[in-house]
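Asker: Below is a structure I'd like to ask you about.
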Amino acid sequence: MFEFEVEASDGAARAGTWHLPHGDVRTPCFMPIGTQGTVRTLSPRDLEACGATMVLANTYHLHVRPGEDVVAKLGGLHRFMGWPKPLLTDSGGFQVFSLEGRRRVSEDGVEFQSHVDGARRQLTPERAVEIQWALGADVAMAFDHVIPGPSGHEAAQDAAGRTLRWLVRCRDRFAALAREAPERQTLVPIVQGGTFDDLRRESLRGVLDAGEWRALAVGGLSVGESKPRMDEVLAGLEPVLPPRVPRYLMGVGFPGDFVAALARGMDLADCVAPTRMGRNGAAFTDDGQVNIRNARHREDDAPLDATCDCETCTTFSRGYLRHLFAAEELLGLRLLSLHNVRYLIRLAARARDAILAGTFAGWSRAWLARYGSREQA
């Protein structure tokens, strides 16, 4: 359990399979985000129809509402949200640190004010692990200190150092909880260090010194830094990352960023972008984004994406989808969200096929050139 098999590589890009308690995850893999135990507008059946194999849920949000004790009493997170396949829960670090003005960071943890009821709460490395153990996902993330992308070296060094100290506490608490059920869940550390190559490598060394891990995550990117700088950070990390564990790039899910990350050796990624963009009328295609609200689609009988096999594209015209958004019908939000999730999952599968065939380098260059050359329609 939790083993990762690398089946093929093409340059730094890899195709593999991660064996988890609730099923196998083939990589490259895009993971939809179900923040509060649901991927917005989509049911578990929708996600299965899209080909999703792993979904995320958020520790912070489920802790403040309904509470991990409620989820545990109702059978754990898989049963609670009706999702039978692998689940990953993040630590809540990103959400807590985004509560600007409503949280206080100390070496012990983070004290914050709940956005739900205003109550004061504290999230420590130990509590983050305990909450995720109660939720029961296949994969739990270590508690980390997240800072904005443009932060300076001193701030990045401070946050990365704190993340490593917190990792030791997460590791020890997780080991105690998992003693009687070692194959129930795995804990994944997060490499931090902002946009600084020396701090990233220092963080990675600290992570590897702290234990033997079944996966590694790269956090603190796609939080305000430039895309070229994110690519440079990943390029600097890739040669020193352990080759036999899956690599999870946190919070990246726009198509171009996703393909570029795969070329830098990342295996899994997640993002709210496909559903958030879908709810705002934007759809992903190989020719760039389509703004379905645009008046040019009013009488367009063509599908949203003629190459896509999702329910949206095989059933409805662009004209009908534009009508749904113009009329503020909720179905429009669901249909574009569904398409975007399916698009990214198909994109991951296409990348996997190219890696297995040894053609990823050429395929990715051609895809990125096509995607970046078109204006929004």
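The values are calculated or read from the model by the stated rules, or taken from the named source; none is laboratory data. Here the structure is a predicted model, which means the values were calculated and not measured. Ideal geometry is used to build each Cβ from the backbone, glycine not excepted, and the neighbour counts take in all protein chains shown.
Asker: Do we have R173 as under 13 Å from E107 (Cβ atoms) and either at pLDDT 95 or above or not assigned by TED's automatic domain parsing to the domain that holds G251 (or both) here?
Answerer: So R173 does not fit the description; no.
Asker: Does S43 fit the bill of being surrounded by 16 or more Cβ atoms within 10 Å (Cβ to Cβ) and modelled with pLDDT of 95 or more?
Answerer: No.
Asker: Do you know which residues across the range 120-159 are over 20 Å from the mean Cα position of the chain (by Cα) and more than 30 Å from W83 (Cα to Cα)?
Answerer: Hits for the range 120-159 are R120, P150, S151, G152, H153, E154, A155, A156, Q157, D158, A159.
Asker: Out of the range 12-52, which residues are among the hydroxyl-bearing types (S, T, Y) and within 23 Å of F2 (Cα to Cα)?
Answerer: T17, T27, listed by residue number.
Asker: Here is a further query. Counting only residues that are within 12 Å of the chain's Cα centre (by Cα), give me the strands (runs of 3 or more DSSP E) lying completely in the range 251-309 with at least 3 of them.
Answerer: Output list reads 268-271.
Asker: Which one of the conditions (1) in contact (Cβ under 8 Å) with a residue 12 or more places away in the chain; (2) part of a helix (DSSP H, G or I) does L331 fail to meet, given that it meets all the rest?
Answerer: Exception for L331: condition (1).
Yes or no, residue by residue, for (1) hydrophobic (A, V, I, L, M, F, W, C); (2) under 23 Å from H78 (Cβ atoms):
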| residue | (1), (2) |
| --- | --- |
| P125 | no, no |
| E130 | no, yes |
| G152 | no, no |
| W166 | yes, no |
| V207 | yes, no |
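Asker: Just one of S226, S222 is of a type in the set (S, T, Y), in the same structural domain as V188 (by TED's automatic domain parsing) and surrounded by fewer than 20 Cβ atoms within 10 Å (Cβ to Cβ); which is it?
Answerer: S226
Asker: Looking at (1) modelled with pLDDT under 95; (2) of a type in the set (S, T, N, Q); (3) crowded, with 20+ Cβ neighbours inside 10 Å, which is the only condition Q132 fails?
Answerer: Status for Q132: all satisfied but (1).
Asker: Of the residues A261, A178, A235, which is surrounded by 24 or more Cβ atoms within 10 Å (Cβ to Cβ) and not hydroxyl-bearing (S, T, Y)?
Answerer: Of the residues listed, the single one that is surrounded by 24 or more Cβ atoms within 10 Å (Cβ to Cβ) and not hydroxyl-bearing (S, T, Y) is A261.
Asker: Identify the residue in the range 23-37 that is at pLDDT 95 or above and touching a helix residue (DSSP H, G or I) at 6+ places or on another chain (Cβ under 6 Å) and, among all such residues, is surrounded by the fewest Cβ atoms within 10 Å (Cβ to Cβ).
Answerer: Q36
Asker: Only residues that are under 18 Å from D270 (Cα atoms), out of contact with any Phe, Trp or Tyr (no Cβ under 8 Å at 6 or more places or on another chain) and modelled with pLDDT under 90: list them for the range 79-97, please.
Answerer: F94
Per-residue answers, yes or no, for (1) among the charged types (D, E, K, R); (2) more than 19 Å from P255 (Cβ to Cβ); (3) assigned by TED's automatic domain parsing to the domain that holds A8:
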{"position": "T315", "(1), (2), (3)": "no, yes, no"}
{"position": "F325", "(1), (2), (3)": "no, yes, no"}
{"position": "L331", "(1), (2), (3)": "no, yes, no"}
{"position": "L338", "(1), (2), (3)": "no, no, no"}
{"position": "R342", "(1), (2), (3)": "yes, no, no"}
{"position": "R346", "(1), (2), (3)": "yes, no, no"}
{"position": "A349", "(1), (2), (3)": "no, no, no"}
{"position": "I355", "(1), (2), (3)": "no, no, no"}
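Asker: Moving on to the next point. Cβ-Cβ distance below 6 Å, separation of 6 or more or different chains: which pairs start in the range 95-107 with a residue that is assigned by TED's automatic domain parsing to the domain that holds R65 and end on one that is in a loop (DSSP other than H, G, I, E, B) and surrounded by 15 or more Cβ atoms within 10 Å (Cβ to Cβ)?
Answerer: Between residues of the range 95-107 that are assigned by TED's automatic domain parsing to the domain that holds R65 and residues that are in a loop (DSSP other than H, G, I, E, B) and surrounded by 15 or more Cβ atoms within 10 Å (Cβ to Cβ), the close pairs are F97/V146.
Asker: Is it the case that some residue within the range 178-200 is modelled with pLDDT of 95 or more, within 20 Å of D90 (Cβ to Cβ), more than 22 Å from the chain's Cα centre (by Cα) and among the small types (G, A, S)?
Answerer: Yes, the range 178-200 has at least one match.
Asker: To continue, here is another question. Going through the range 63-75 one residue at a time, which ones are closer than 12 Å to G136 by Cα and surrounded by 17 or more Cβ atoms within 10 Å (Cβ to Cβ)?
Answerer: E68, V71
Asker: Could I ask something else about it? With (1) out of contact with any strand residue (DSSP E or B) (no Cβ under 7 Å at 6 or more places or on another chain); (2) touching a residue at least 24 places away in the same chain (Cβ under 8 Å); (3) of a type in the set (D, E); (4) within 27 Å of L249 (Cβ to Cβ) as the list, and E311 as the residue in question, which single condition is left unmet?
Answerer: Exception for E311: condition (4).
Asker: Considering the range 322-346 alone, what residues qualify as being of a type in the set (A, V, I, L, M, F, W, C), out of contact with any strand residue (DSSP E or B) (no Cβ under 7 Å at 6 or more places or on another chain) and either surrounded by 19 or more Cβ atoms within 10 Å (Cβ to Cβ) or closer than 24 Å to S9 by Cβ (or both)?
Answerer: Residues satisfying the conditions are L324, F325, L333, L335, L338.
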